[in-house]
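What follows is a short report on a single structure.
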Amino acid sequence: MPPDEGQYLKRYMSGEWLHPRSAMTHVDLHSISAVETRLLRSAVLRPFQSPEELVYFGDDAPDTLHIGAFHNGELVGIATVCRDPLPGGVDPDVWRLRGMATIAQVRGRGYGRALLERCIEHVANRGGKLLWCNGRKSAAGFYRALGFEVSGGEFEVTGTGPHYQLRREITSSAT
């Protein structure tokens with residue numbers, strides 16, 4: 001069961017529990033439920049929406065992966081991948097990355113990379129051929145470093161700013 005929303009936002013987002021200079025030595029990843037992703041989805045990605053509003057397409061599909069990154073047992077990052085063709089497409093081998101987020105205190109320490117690599121592995125193991133996402137402009141460099149390419153021009157997502165559609169071809173040796 002996810003933590004109380006008020007406690008979560010106060011404790012986790014303040015980073016009081018995380019030593020400010022601690023180096024990332026090991027990323028602890030675990031499958032989590034869709035419900036468990038929603039507090040971070042709200043706190044990091046869409047603070048203007050409540051966790052209950054952040055139910056995404058594919059959240060409950062049987063082959064969807066919700067993955068959490070943990071530091072000392074505390075959830076510090078999330079990502080979700082599900083089958084979702086490109087807009088206007090129908091290809092069942094296309095997957096979408098959604099709700100990728102890490103709290104500010106752990107950025108640059110490998111948590112995001114580990115989450116994304118696990119998602120890529122999940123897609124590859126299920127025969128996926130393409131992984132795509134709508135990523136914030138500020139995160140485009142992160143995605144490019146992991147093999148994604150920008151497709152099309154910049155666009156605005158209301159409330160969250162400029163984005164790009166990013167795509168990565170998936171092979172059997174994807175990561």
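Odds and ends about this structure:
- All strands (runs of 3 or more DSSP E) inside segment 75-175 with 1 or more residues being over 21 Å from LEU29 (Cα atoms) and in contact with a Pro (Cβ under 6 Å, 6 or more places away or on another chain): 94-102, 149-157
- Considering residues of segment 142-160 that are among the small types (Gly, Ala, Ser) and surrounded by 11 or more Cβ atoms within 10 Å (Cβ to Cβ) only, the residue nearest to GLY128 (Cα to Cα): GLY147
- Only listed residue being touching a residue at least 12 places away in the same chain (Cβ under 8 Å) and not in a loop (DSSP other than H, G, I, E, B), chosen from GLY68, GLY58: GLY68
- Residue list for segment 117-167, restricted to those being among the hydrophobic types (A, V, I, L, M, F, W, C) and either farther than 13 Å from CYS82 by Cα or without any contact (Cβ under 8 Å) to a residue 12 or more places away in the chain (or both): ALA139, ALA140, PHE142, ALA145, LEU146, PHE148, VAL150, PHE155, VAL157, LEU166
- Restricting segment 74-96 to residues that are under 19 Å from the mean Cα position of the chain (by Cα) and among the aliphatic types (A, V, I, L, M), the residue that is surrounded by the fewest Cβ atoms within 10 Å (Cβ to Cβ): LEU86
- One residue stands out among those in segment 1-41 that are at pLDDT 90 or above and polar (S, T, N, Q): the one that is nearest to the chain's Cα centre (by Cα), which is THR37.
The values are calculated or read from the model by the stated rules, or taken from the named source; none is laboratory data. Every value quoted in this text rests on a predicted model; they were computed, and no experiment measured them. As a convention, Cβ positions derive from the backbone with ideal geometry for all residues, glycine included, and neighbour counts pool all protein chains shown.
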